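First up is the structure itself, then whatever we jot down about it.
The values are calculated or read from the model by the stated rules, or taken from the named source; none is laboratory data. Everything numeric in this text was worked out from a predicted model, so none of it was measured. Only protein heavy atoms, including side chains, enter the accessible area calculation; ligands, DNA and RNA are left aside. Shrake-Rupley method; radii C 1.70, N 1.55, O 1.52, S 1.80 Å.
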Amino acid sequence: MVVAAAHDVVVGLAVGIPVLVVAVGAGVALRFRGRGPASTVPPGEVAADVPTGAELAAGAEATRVAEAEPAAREGAEPAPSPAGAAPVPGAEAPAAEVLPEEAPEAAALPEEAPTYRGRLGKARGLLAGYLGAVRSRGKIDATTWDDLEEALIRADVGVGATDAILDDLRARVKANEIAGPDALLDALRADLAAALDAPDRTLAPMGSARAGSDDGDRSVDVWLFVGVNGVGKTTTLGKVATRLTAGGASVVLAAGDTFRAAAGEQLALWASRSGSEIVRGAEGGDPSSVVYDAVQRAAARQADIVLADTAGRLHNKANLIEELKKIRRVSDRAPGRVTEVLLVIDATTGQNGLAQAAVFTEAVDVTGVVLTKLDGTAKGGIVVAIQRELGLPVKLVGLGEGPGDLVDFDPVSFVDALF
């Protein structure tokens, strides 16, 4: 019996031990299934507390879906509630969209008026070295006169005007009316301002045509703008139009330069900017007929003034002179009257501008000069040469690119800005 029992124990162990080993191995395999070889159990935890790789992947997927659902709900439009449906008690009302508050627009600052001192830095810089040298000597000697002569010539005052000014100053120094360099420069400043102070520097007032008519048949003022191509003639006309319309005048522009490409388009742009009307002709057409039509339209619409652009082809001088004479004659017929003929000169051309101007003074009776681009040159003395050599008053000067930079000429402010 004992032997039989022992036999049963041995058989039980032989069968149970392999079964136990297989069971333990299967359990271990199930526990580590899906887990990477690098996975470790953190200190203080047991193996059962560590999530498997499959569990980690499932958790990450659930988190992604949970985060995506609110974003989808925010981007989607809310479904319309049934008509007449009462709000659900306790439900939160959707928050109103809060827009960022717009910053108030800054008030537009008025355009700063140009000043001679602020815009004539190049001309003042040219003279500064010479004038400083004269002051530093403490006395008037031969070198003083040499410095002043060179300064005026380089500033394009012109040889004739320079000689006349310095001869007068020498005589006054010799007569003991001027003593010392400072007094000499003060006298030079006063002489320059006096030489530029012409009595007829102002533009003709509106209504001059009617005021100068004996029979009352003249109702439209006509201003002609003449000058060579490239001096800023059309731009100057546009700036004058802007200035007149801002003052309440009714303006008609005449595109009389029918030969220069794009001249009509340029003037049309200025007409739009200034609120003026414009009369244009065919390219290469008769410019005098364009000006005549503009005067007739101005009279029919009771406009105050016609501003007429003209050609400036110096390479065809004979034809140009005859053309300008014809424009002047036609413009002076009733109901129009020519009250200004403004010669436009580029200040940067210096003495060459005087030679060009002679062509136009020969063709038409010029009443005044508009000097453009004065802020862009160191040769501001050309103003003196123009008035002395041509006998014409400078009425307007350009101190910049903007419409407001075309200003009335002020001799005192101009000379003060040079010293």
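Some notes on this structure:
- Accessible area, probe 1.4 Å, largest first, for residues Lys139, Lys395, Lys373: Lys139, Lys373, Lys395
- Listed residues Trp145, Trp223 arranged by accessible area, highest first, probe 1.4 Å: Trp145, Trp223
- Accessible-area value, Leu374, 1.4 Å probe, nucleic acids and ligands omitted, Å²: 0
- When only Cα pairs below 8 angstrom with a gap of at least 6 residues are kept, the stretch 145-222 shows a relative contact order of 15 percent.
- Arg124 accessible area, 1.4 Å probe, all protein chains in place, Å² to nearest 10: 60
- Residue-level accessible surface for Glu150, protein heavy atoms, 1.4 Å, Å²: 90
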